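Trainee: The structure's right below; bear with me while I get my questions together.
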């Protein structure tokens, strides 16, 4: 195990890494006071060595490592890769290729929803991880030997996990299942944020189009401003304040000053005037250009009971195929299948349709029933 603090050593290490069929990768970062994650350490595991790369080291050039991430001859293995890939994508505008995520693979193999790394280490490597360094402030230097040992353990044990999970997936003929899930991680849109869609994640009590238009404008401004200043969204403006502004739609600085939670510097500076301009813009929009929230129609009779039956069916299928329920279908999927005459949900596509979707539609249309056979809950055909 080693710590790489200069570009010369990094070049040599990456050259050795390119001789491997796969490498394991993890990162340590901090994000408490910034919008973008600050990359503090990169851990890489090879067959016979592991190294921590210090991106904060003086004059460190990460180009050799970036090139390694794009070497299609070497598989990059992560656990719960989304945040790691987001960091690399923001740095380079590229996604590591090819890649493998052991958390997703574990879900495909039936280890539950969002299974933790330490659980898989205990299962496959028969080791208990010392978690005492988990809350290290990774931007501080120097790092202790104990901290480095903890960080590198994340890629050393990951090799065992990868090989064991890959064998299970191949034995169960589920590589195509995994590929469908990894497509999401490989899609650049997964890491791109549309500022004008951020409002959709904020819970608004009202569904009035005009109010939502104001919320959309302010949320988009906050997102862009936070990115530019590299500050957390909440440091710019909290969700509750945005909702209050959207509901009251103040027209002047005097009205704006009556809002709780806005600082004097905000009110007296350009930001206050900017927000007032955004409110004015939203209020002037044609109603058809404002966000429209569709109200749920009246559900068909028996919908609630059907949803419960679909939940039971999901549990049956998950146990049969030894795969996490969450990976097969979400609650939203089940509700859409039950309520819609033409449901379009992931649970009715690809491998999910094979495992669950076809049976769900058959249950909905009365072609199968859930019953007891040989003392086990099973599906019983009602045709013929």
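The values are calculated or read from the model by the stated rules, or taken from the named source; none is laboratory data. Remember, it's a predicted structure, so these values are computed and weren't measured experimentally. Positions of Cβ are backbone-derived with ideal geometry, glycine not excepted, and every protein chain shown enters the neighbour counts.
Trainee: Name the residue, out of 156, 168, 161, that is surrounded by 15 or more Cβ atoms within 10 Å (Cβ to Cβ) and closer than 16 Å to residue 323 by Cα. Steps first, answer last, please.
Mentor: Working: 156 fails: closer than 16 Å to residue 323 by Cα; 161 fails: closer than 16 Å to residue 323 by Cα.
The unique qualifying residue is 168.
Trainee: Kindly state which helices (runs of 4 or more DSSP H) lie completely within segment 5-123 and contain at least 1 residues that are over 28 Å from residue 223 (Cβ atoms).
Mentor: 7-17, 63-69, 102-108, 117-120
Trainee: Now, a different point. For segment 302-342, list the helices (runs of 4 or more DSSP H) that sit wholly inside it and hold at least 2 residues that are within 22 Å of residue 106 (Cα to Cα), at pLDDT below 95 and in contact with a helix residue (DSSP H, G or I) (Cβ under 7 Å, 6 or more places away or on another chain); which are they?
Mentor: Working: elements: 303-321, 325-328, 331-339.
Qualifying helices (runs of 4 or more DSSP H): 303-321, 325-328.
Trainee: Only one residue in 314, 361, 327, 348 is over 26 Å from residue 116 (Cα atoms) and surrounded by 18 or more Cβ atoms within 10 Å (Cβ to Cβ), so which one is that?
Mentor: Within the list 314, 361, 327, 348, the selection yields 348.
Trainee: Here's a follow-up. Residue by residue through segment 300-311, note down the ones that are surrounded by 14 or more Cβ atoms within 10 Å (Cβ to Cβ) and over 27 Å from the mean Cα position of the chain (by Cα).
Mentor: 306, 309, listed by residue number.
Trainee: Filter segment 118-146 for residues that are crowded, with 18+ Cβ neighbours inside 10 Å and either in contact with a strand residue (DSSP E or B) (Cβ under 9 Å, 6 or more places away or on another chain) or not assigned by TED's automatic domain parsing to the domain that holds residue 82 (or both); which is nearest to residue 82 (Cα to Cα)?
Mentor: The extreme case among them is 138.
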